[in-house]
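Colleague: Before I ask anything, let me first share the structure, which is written out below as structure tokens.
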Amino acid sequence: MSSYYFMKAYIYICAKYESFFGNTKSVITPEAIVLGRVLRKTKQPTDLQELRSTTAGAAVFTSCAMSTRRYSRLIFEKMNFSTYIIDRVVKQNQFKNVILYVHGGGLVSGTPDAGNSVYKIISEQKNTVVDFFGVNYPVLPEFTVEKAVSDVVDAFKFVVSQKYKSVILMGDDAGCNLILLSLANHIQKEEVLRNKVHSLILFSPWTDLTMSTKSFRERVNIDVCFSKQFGTTLESVLDLTQEEKIKYSFNHLIKKKDFQFELGPTTRIFVSYSDCERTADECEDLSNFLKKRFDERCTIRIQRGLPIHGFQLWAPLIPEAVAVCREASRYV
């Protein structure tokens, strides 16, 4: 039995056991309670290496047996297409949409396959194979935010060059911030590119790098994924000045009076987050901005009582996450 299915079985059994002794009236599901206990017992990161190991360790929960074609930075450095698998004639892509996934990880960690579990559910829901590219962007502190944004833009231009009908920009955590910065600073400025964006699917967006919102401070002991130690370590390794944090935070850009944010005339938006996660306030501010700007084209889905930042990526284990991913498939 693979480690993924072993862990899934373990969580299921523990959840059933928990339901006998836990608070069954809680809005938090037994699976989430047990998952929280597992995460809380996990050694919290104190430096960059441990932080990256912690986020990589989540793969045991999210990995799926599936074939995923991924964007590789090598393509843009050498334009060597022999390093990339294109298994169908490009002209066939003109009738299809493609998902471009930008992973989270606080800008300092994470892997392109973070969205695998989400992709699997969406493919099953759509009853078809949806092409999926995970952006392997460079992370801090070795690289800069500008380089990460540049790679997201390059990845977007690459999939557009493959003649897909349109592109779904999907991401979680800091990946959402990179998507929005890419749109605001680059993609929206070219009408041809802007109109290629079919939809935005944003899971638990982390769009305020200052980590100064009320929810970020007060839910420090509630959110089992974005723990106090995790946040402290993340802040220490980001190596950004306060001015840089503000500059690279989409939520601070939207506060400027002259800020312009345009999408294609048919682009739709789906935002999902929990009211119990540390990033809830910035998610709410972002959602209000997008809803006011795009009205009926924007859907906001708030999960009540689930203290897990980025819970959507735990879709195989948490029913609420599965439901969100199924709803997100309508935007693909």
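The values are calculated or read from the model by the stated rules, or taken from the named source; none is laboratory data. Since the structure is predicted, the reported quantities are computational estimates derived from the model, not experimental observations. Note: ideal-geometry Cβ built from the backbone for every residue, glycine included; neighbour counts use all protein chains shown.
Colleague: Determine the pairs where a residue that is under 16 Å from Ala174 (Cα atoms) and of a type in the set (Lys, Arg), located within region 277-298, has a partner that is modelled with pLDDT under 95 and assigned to a strand (DSSP E or B) with Cβ atoms under 7 Å apart, the partner being 6 or more residues away or on another chain.
Modeller: No pair meets every condition.
Colleague: Follow-up. Can Ala174 be described as of a type in the set (Gly, Ala, Ser) and either at pLDDT 95 or above or surrounded by fewer than 24 Cβ atoms within 10 Å (Cβ to Cβ) (or both)? Write out each step before concluding.
Modeller: Numbers: of a type in the set (Gly, Ala, Ser): yes; either at pLDDT 95 or above or surrounded by fewer than 24 Cβ atoms within 10 Å (Cβ to Cβ) (or both): yes.
In short, yes.
Colleague: Still on this structure: Take the residues in region 197-223 that are assigned to a strand (DSSP E or B) and not aliphatic (A, V, I, L, M), then tell me which one is surrounded by the fewest Cβ atoms within 10 Å (Cβ to Cβ).
Modeller: Applying the first criterion (assigned to a strand (DSSP E or B)) to region 197-223 yields 197-205.
Now restrict to residues that are not aliphatic (A, V, I, L, M): 198-199, 203-205.
Numbers: His198: 21, Ser199: 23, Phe203: 29, Ser204: 29, Pro205: 30.
Looking at residues that are assigned to a strand (DSSP E or B) and not aliphatic (A, V, I, L, M), I get His198.
Colleague: Every residue in region 261-296 that is of a type in the set (Ser, Thr, Tyr) and either in a loop (DSSP other than H, G, I, E, B) or buried (at least 23 other Cβ atoms within 10 Å of the Cβ) (or both), please. Don't jump to the end; show me each part of the working.
Modeller: Restricting attention to region 261-296, the residues satisfying the condition of being of a type in the set (Ser, Thr, Tyr) are 266-267, 272-274, 279, 287.
If the condition is that a residue be of a type in the set (Ser, Thr, Tyr) and either in a loop (DSSP other than H, G, I, E, B) or buried (at least 23 other Cβ atoms within 10 Å of the Cβ) (or both), then Thr266, Thr267, Ser272, Tyr273, Ser274, Thr279 are the ones that fit.
Colleague: Being touching a Ser or Thr at 6+ places or on another chain (Cβ under 8 Å) and in a helix (DSSP H, G or I) is the filter; apply it to region 149-193 and report the residue that is nearest to Phe294 (Cα to Cα).
Modeller: Applying the filter and picking the extreme gives Leu180.
Colleague: Tell me yes or no: at least one residue of region 184-196 is closer than 24 Å to Leu313 by Cβ, buried (at least 19 other Cβ atoms within 10 Å of the Cβ) and aliphatic (A, V, I, L, M). It would help to see each step written out before you state the result.
Modeller: Going residue by residue through region 184-196, those that are closer than 24 Å to Leu313 by Cβ are none.
Scanning region 184-196 turns up no residue that is closer than 24 Å to Leu313 by Cβ, buried (at least 19 other Cβ atoms within 10 Å of the Cβ) and aliphatic (A, V, I, L, M).
Colleague: Pairs only if they're at least six apart or on different chains, beta carbon under 7 angstrom, first in region 109-127 and surrounded by fewer than 19 Cβ atoms within 10 Å (Cβ to Cβ), second polar (S, T, N, Q); list them, first residue then second.
Modeller: Gln125/Ser329; Lys126/Ser329
Colleague: Mind listing whichever residues of region 135-148 are farther than 18 Å from Lys196 by Cα, out of contact with any Lys or Arg (no Cβ under 8 Å at 6 or more places or on another chain) and either in a loop (DSSP other than H, G, I, E, B) or not charged (D, E, K, R) (or both)?
Modeller: Step one: filter region 135-148 for residues farther than 18 Å from Lys196 by Cα, giving 136-148.
Among the residues that remain, those that are also out of contact with any Lys or Arg (no Cβ under 8 Å at 6 or more places or on another chain) are: 139-148.
The answer is Val139, Leu140, Pro141, Glu142, Phe143, Thr144, Val145, Ala148.
Colleague: Quick one: in region 231-260, which of the residues that are assigned to a loop (DSSP other than H, G, I, E, B) and polar (S, T, N, Q) is surrounded by the most Cβ atoms within 10 Å (Cβ to Cβ)? Explain how you work it out, then say what you get.
Modeller: Step one: of region 231-260, the residues assigned to a loop (DSSP other than H, G, I, E, B) are 239-241, 248-249, 254-260.
From the residues that got through so far, the ones that are polar (S, T, N, Q) too are 241, 249, 260.
Details: Thr241: 9, Ser249: 23, Gln260: 8.
By that ranking, first place goes to Ser249.
Colleague: Residues in region 94-108 that are assigned to a loop (DSSP other than H, G, I, E, B) and either among the hydrophobic types (A, V, I, L, M, F, W, C) or without any contact (Cβ under 8 Å) to a residue 40 or more places away in the chain (or both): how many? Full working, then the answer.
Modeller: Kept after step one, since they are assigned to a loop (DSSP other than H, G, I, E, B), are these residues of region 94-108: 96, 103-108.
Add one more test, that the residue is either among the hydrophobic types (A, V, I, L, M, F, W, C) or without any contact (Cβ under 8 Å) to a residue 40 or more places away in the chain (or both), and what stays is 107-108.
Of the residues in that region, 2 qualify.
Colleague: Here is a check on your reading of the model: is Thr233 under 27 Å from Leu263 (Cα atoms) and in contact with a helix residue (DSSP H, G or I) (Cβ under 7 Å, 6 or more places away or on another chain)? Full working, then the answer.
Modeller: Working: under 27 Å from Leu263 (Cα atoms): no; in contact with a helix residue (DSSP H, G or I) (Cβ under 7 Å, 6 or more places away or on another chain): yes.
It is false that Thr233 is under 27 Å from Leu263 (Cα atoms) and in contact with a helix residue (DSSP H, G or I) (Cβ under 7 Å, 6 or more places away or on another chain).
Colleague: Determine, yes or no, whether Phe156 is modelled with pLDDT of 90 or more and buried (at least 19 other Cβ atoms within 10 Å of the Cβ). I'd like the intermediate steps shown before the answer.
Modeller: Numbers: modelled with pLDDT of 90 or more: yes; buried (at least 19 other Cβ atoms within 10 Å of the Cβ): yes.
Yes, satisfied.
Colleague: Checking the condition in contact with a Lys or Arg (Cβ under 8 Å, 6 or more places away or on another chain), at pLDDT below 90, farther than 28 Å from Leu238 by Cα and surrounded by 18 or more Cβ atoms within 10 Å (Cβ to Cβ), which residue from Phe132, Phe95 passes?
Modeller: On the way: Phe95 fails: surrounded by 18 or more Cβ atoms within 10 Å (Cβ to Cβ).
When all the criteria are applied, what remains is Phe132.
Colleague: Output the residues belonging to region 224-253 that are among the β-branched types (Val, Ile, Thr) and free of Cβ contacts under 8 Å to residues at least 60 places away in the same chain. Spell out the reasoning first.
Modeller: Restricting attention to region 224-253, the residues satisfying the condition of being among the β-branched types (Val, Ile, Thr) are 224, 232-233, 237, 241, 246.
Listed by number, the residues that qualify are Thr232, Thr241, Ile246.
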